[in-house]
1. Starting from region 177-195, keep only residues that are within 17 Å of Trp153 (Cβ to Cβ) and free of Cβ contacts under 8 Å to residues at least 24 places away in the same chain, then list their pairs with residues that are assigned to a helix (DSSP H, G or I) and of a type in the set (Val, Ile, Thr) whose Cβ atoms are within a distance under 8 Å, requiring at least 6 positions of separation or different chains.
2. Can you tell me which condition Ile46 does not meet? The list is (1) hydrophobic (A, V, I, L, M, F, W, C); (2) under 26 Å from Thr129 (Cα atoms); (3) out of contact with any helix residue (DSSP H, G or I) (no Cβ under 6 Å at 6 or more places or on another chain); (4) not in a loop (DSSP other than H, G, I, E, B), and all the others hold.
3. Restricting region 86-144 to residues that are outside any loop (DSSP other than H, G, I, E, B) and charged (D, E, K, R), which is surrounded by the most Cβ atoms within 10 Å (Cβ to Cβ)?
4. Please specify each residue of region 38-74 satisfying the condition of being in contact (Cβ under 8 Å) with a residue 60 or more places away in the chain, touching a Pro at 6+ places or on another chain (Cβ under 7 Å) and of a type outside the set (A, V, I, L, M, F, W, C).
5. For region 158-179, name all the residues that are surrounded by fewer than 18 Cβ atoms within 10 Å (Cβ to Cβ), on the phi < 0 side of the Ramachandran plot and not acidic (Asp, Glu).
6. Starting from residues that are touching a strand residue (DSSP E or B) at 6+ places or on another chain (Cβ under 8 Å) and either modelled with pLDDT under 95 or of a type in the set (Asp, Glu) (or both), keep the ones in region 177-205 and report whichever is farthest from Val229 (Cα to Cα).
7. Listed residues Ile218, Ile248, Ile211; which is β-branched (Val, Ile, Thr) and free of Cβ contacts under 8 Å to residues at least 60 places away in the same chain?
8. Identify the single condition in (1) closer than 30 Å to Lys264 by Cα; (2) polar (S, T, N, Q); (3) out of contact with any helix residue (DSSP H, G or I) (no Cβ under 9 Å at 6 or more places or on another chain) that Gln13 does not satisfy, given that it satisfies every other one.
Amino acid sequence: MDYQKYNALLITQEKNILTVTINRPEKKNAITAELHGEICTIFNDIEADDTVDVVILTGSGGAFCAGGDLTWLLSQHGDPVATSVGIAHDRKLQNTLLDFEKIIIAKVEGPAVGLGCSLALLCDFVYATHEAVFADPHVSVGLVAGDGGAFLWPQLIGYARARRYLLTGEPISGLEAAAIGLITESVAADQLDEKVAKMAARIARGATHAIKWTKASINAGLKVTANAVIDRSAAYENMAMMLDDHRIALEAFQEKRKPVFTGK
């Protein structure tokens, strides 16, 4: 498989373990149109690569992924054609990862926010530093949690807790996320690489087909819930991208001030 076509993702391989690194460290790996397209393509390529059994997904520069790049989001505001392309990519990505049978391990430092958070939570194992930050703050920028949060958080931590975080955008640390079952485990920063490497090696030398098919069986139930939620949440998010509140929030974040929403 030729991974040289990827610009915003750094791809390395050791035996049957492939590491995918989101590589925009200067922007905390925030998602642009280019990165969004690459993330929506990479897992199809990996699925077709017979040399890979385990994937490690991580970010460069001490951050996992800070969510959508504000400049990119502002450029799409009010344009239903542009926003619908992004929404379609999100829906495709969610379904691709739910169907993806190879094991994915998220290695999280720093922020995992918005789509970055959903990317991590769609992985089979999520290891993070105690200080890592998980958040789905779509409502904070006038949007709907349409890229996975609306079905992932309730399934992982229950509806009561999920409402608290999704309806407020409140962030939680890696330590807190592990304590409530949102992620697999949090560890000290100097132990993260070793923890992930050990689990990747363990899976890589296991009974490949048994592991893959067990994962597929686990995800079968999650897919039922996801399919009941994805289309609605995506449609609502696309509608929200047309509203003034979304623009107001993005401009406020750019100018480092609090947004004053109008409800329009």
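1. From residues that are within 17 Å of Trp153 (Cβ to Cβ) and free of Cβ contacts under 8 Å to residues at least 24 places away in the same chain, the pairs are Ile180/Ile157.
2. Of everything listed in (1) hydrophobic (A, V, I, L, M, F, W, C); (2) under 26 Å from Thr129 (Cα atoms); (3) out of contact with any helix residue (DSSP H, G or I) (no Cβ under 6 Å at 6 or more places or on another chain); (4) not in a loop (DSSP other than H, G, I, E, B), Ile46 misses just condition (2).
3. Lys107
4. Result: no residue meets the conditions.
5. Answer for region 158-179, where residues must be surrounded by fewer than 18 Cβ atoms within 10 Å (Cβ to Cβ), on the phi < 0 side of the Ramachandran plot and not acidic (Asp, Glu): Tyr159, Ala160, Arg161, Arg163, Arg164, Leu167, Thr168, Ser173, Leu175, Ala179.
6. In this case the residue turns out to be Asp193.
7. Working: Ile248 fails: free of Cβ contacts under 8 Å to residues at least 60 places away in the same chain; Ile211 fails: free of Cβ contacts under 8 Å to residues at least 60 places away in the same chain.
The match here is Ile218.
8. It is condition (1) that Gln13 fails.
The values are calculated or read from the model by the stated rules, or taken from the named source; none is laboratory data. Here the structure is a predicted model, which means the values were calculated and not measured. Note that each Cβ is placed from the backbone with ideal geometry, even for glycine, and that neighbours are counted across all protein chains shown.
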